[in-house]
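Asker: The structure under discussion is supplied below as structure tokens; questions concerning it will follow.
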Amino acid sequence: MQAEINVGTVGHVDHGKSTLVYQLTGKKTDSHSEEIKRGITIKLGYADTQVHKCTNAKCGKYSTKAKCAACNSDTKAERLVSFVDAPGHETLMATVIAASSIMDGALFVIAANEKCPQPQTAEHLMILQAAKIPHVIIVQNKADLVTKERAKAHAKEIREFLKDTPYALAPIIPTAANTGINIDALLEAIQKTIPTPKRDPGEVFRMHVVRSFDVNKPGTGLDRLVGAVLGGAVRTGAVKVGDQIQILPGILKQKKNKETYEPLTSSVLSLNAGTSQLEQAGPGGLIALSTNLDPSLAKADALVGCQVGRPGTLPEPSYDLTVEITPMPRLLSVFPPTLAPNEPLVLGVGTATTVGFVQGLKKKTVQLKLKKPVCVEKGDLVAVMRRSDNRWRVYGVAHIV
């Protein structure tokens, strides 16, 4: 079974996003060795959970179990949800931008024991707005660490912070992720606030690559080697086992002292969603797509940011972009008033992150030369980060013109 939607978790570092996902799914998304050592999320993590509702009409509570914890009645499975856990640290904002491109909705985690907003709380809000995430739930986490009066005052801070944004009326659900308090209310909010979008399987197949893997263990025999595995989200259309696919811009190659990107083609050998094997995958949830490519091509997330489609249907990779940038009003004061020639900008395009250097300015448009090519089409949304006080900060949103 494939999950129906992708729900992101965003918010300031150490506000409890990964712990919350663990309470919802039973899976720890911080599995990378550096993540475990440092105690923070670095790469995108993801985990699925089945949302259940109690069949007892007098109870009706939501959970992730076959039996209701409140009344011990049977529960009914309503929807499989995939959670995308994004990092909160300011140095990893590009990863958050990549995550936003595959979200159908988001849990915006704000710790009750700290004043709202914290620095990355504000920047994550801007990313949600830039990516036009339609449905957001505010999770007022760590509510068990403050008094009832402080929790109410903090909720007012959140409302003040969100006023004049698309999320001004978003539900606020207090939780204590460490102990699982109010997780049932959060699941209910997910069911009622984040609907499953209407999908058209007849659209052109497009998939964003979020992670890529060499899943073979050292010493695996040649006859048992598994090809490169792509983890990601189908955005439109559908893909089946046996389909021919193309991966663009592909893999980085050195040719005559020059870096180029080489497109890749493959057959789809298998499709997996969690522990389930699929014959066909469409939008909603994250999938693992197994190929017949050399597994070394996918190790260490080498193919992250690529797009996958049927041969001949993807836009050609481009090193040159012309964009129209709309700065975020809240951050205008920390940046120089105009862009400078050759100024570097970090761009989030789908799940790809690249650096673009300003080549020209014409009225509202900016011409950029990219360090790494991207596959884009006219009208695509781009998140823009700009250097300020020796840090990369969210500057605004751009459209490809």
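Asker: Using amide H atoms built 1.01 Å from N in the peptide plane, name the residues 5+ places from I181, or on other chains, whose amide H lies under 5 Å from its own.
Answerer: When sequence neighbours closer than 5 places are left aside, the close amide H contacts are A176.
Asker: Continuing with the same structure: Which order, highest average first, do 193-202, 47-56 follow once you tally other Cβ atoms within 10 Å for each residue and take the mean per peptide?
Answerer: Answer by packing, highest mean first, reads 47-56, 193-202.
Asker: Here is a follow-up. At 0.36 nm per residue, and after removing the present C-alpha to C-alpha distance, how many nm does the segment from V215 to D301 gain when stretched out fully?
Answerer: 29.8 nm
Asker: Which ³J(HN,Hα) values, rounded to whole Hz and listed in residue order, are derived for segment 103-119 from phi using the Karplus coefficients 6.51, -1.76 and 1.60 in 6.51 cos²θ - 1.76 cosθ + 1.60 with θ = phi - 60°, glycine and proline given as x?
Answerer: Going residue by residue, I get 8, 8, x, 8, 9, 9, 8, 10, 6, 6, 8, 10, 4, 9, x, 8, x Hz, with x marking Gly and Pro.
Asker: Taking the highest mean first, how do the peptides 354-361, 209-216 order by number of other beta carbon atoms within 10 angstrom per residue?
Answerer: The packing order, highest mean first, is 209-216, 354-361.
Asker: Could you give the size of the charge dipole of the chain about its Cα centre, using +1 on the Cβ of each K and R and -1 on the Cβ of each D and E, expressed in debye and rounded to the nearest 20?
Answerer: Roughly 420 debye, rounded to the nearest 20.
Asker: Could you sort the peptides 67-77, 366-376 by per-residue average Cβ neighbour count (10 Å cutoff), highest mean leading?
Answerer: Result, highest mean Cβ count within 10 Å first: 366-376, 67-77.
Asker: Residue by residue through segment 155-161, which ³J(HN,Hα) values in whole Hz follow from phi under the Karplus form 6.51 cos²θ - 1.76 cosθ + 1.60 (θ = phi - 60°), with glycine and proline marked x?
Answerer: Working through the residues one at a time gives 4, 5, 4, 5, 4, 5, 5 Hz.
Asker: Follow-up. How much length is gained on full extension from K192 to T236, taking 0.36 nm per residue of separation minus their Cα-Cα distance?
Answerer: Stretched out fully, the K192 to T236 stretch lengthens by 13.5 nm.
Asker: Next question. With a 10 Å cut-off between alpha carbons and a GNM built on the chain, which of T25, T175, T260 moves the most?
Answerer: In the Gaussian network model the winner is T260.
Asker: What dipole magnitude, in Debye to the nearest 20, does segment 143-200 give about its Cα centre under +1 on Lys/Arg Cβ and -1 on Asp/Glu Cβ?
Answerer: Taking the Cα centre of segment 143-200 as origin, the dipole is about 120 debye.
Asker: Can you give the FRET efficiency for N113 and K58, using 1/(1 + (r/R0)^6), R0 = 30 Å, r = Cβ-Cβ distance, to the nearest 0.05?
Answerer: 0.30
Asker: Using 7 Å Cα-to-Cβ label points, what is the V355/N390 separation (nm, one decimal)?
Answerer: Distance between label points: 1.8 nm.
Asker: What's the extension gain from T260 to V204 if we count 0.36 nm per residue and subtract their Cα-Cα distance?
Answerer: So the extension gain works out to 17.5 nm.
Asker: Please identify which residues in segment 67-87 have an amide N closer than 14 Å to a label point set 7 Å out from the Cα of M1, following the Cα→Cβ vector.
Answerer: 67, 75-82, by backbone N distance to the label point.
Asker: Mind checking the dipole of segment 206-309: about its Cα centre, +1 per Lys or Arg Cβ, -1 per Asp or Glu Cβ, Debye to the nearest 20?
Answerer: Its charge dipole is roughly 260 debye.
Asker: Please tell me the relative contact order of segment 206-309 in percent, rounded to the nearest whole number, where contacts are Cα pairs under 8 Å and at least six residues apart.
Answerer: Once divided by the residue count of segment 206-309, the mean separation gives 41 percent.
Asker: Sticking with this structure for a sec: Divide, for segment 318-400, the radius of gyration over alpha carbons by 2.2 N^0.38 Å, where N is the residue count.
Answerer: Compactness ratio reported: 0.99.
Just so you know, all these numbers are worked out from the coordinates, no wet-lab data involved. What you see is a predicted model; the values in this text were computed from it and never measured. Cβ sites come from the backbone with ideal geometry, for glycine too, and all protein chains shown count toward neighbours.
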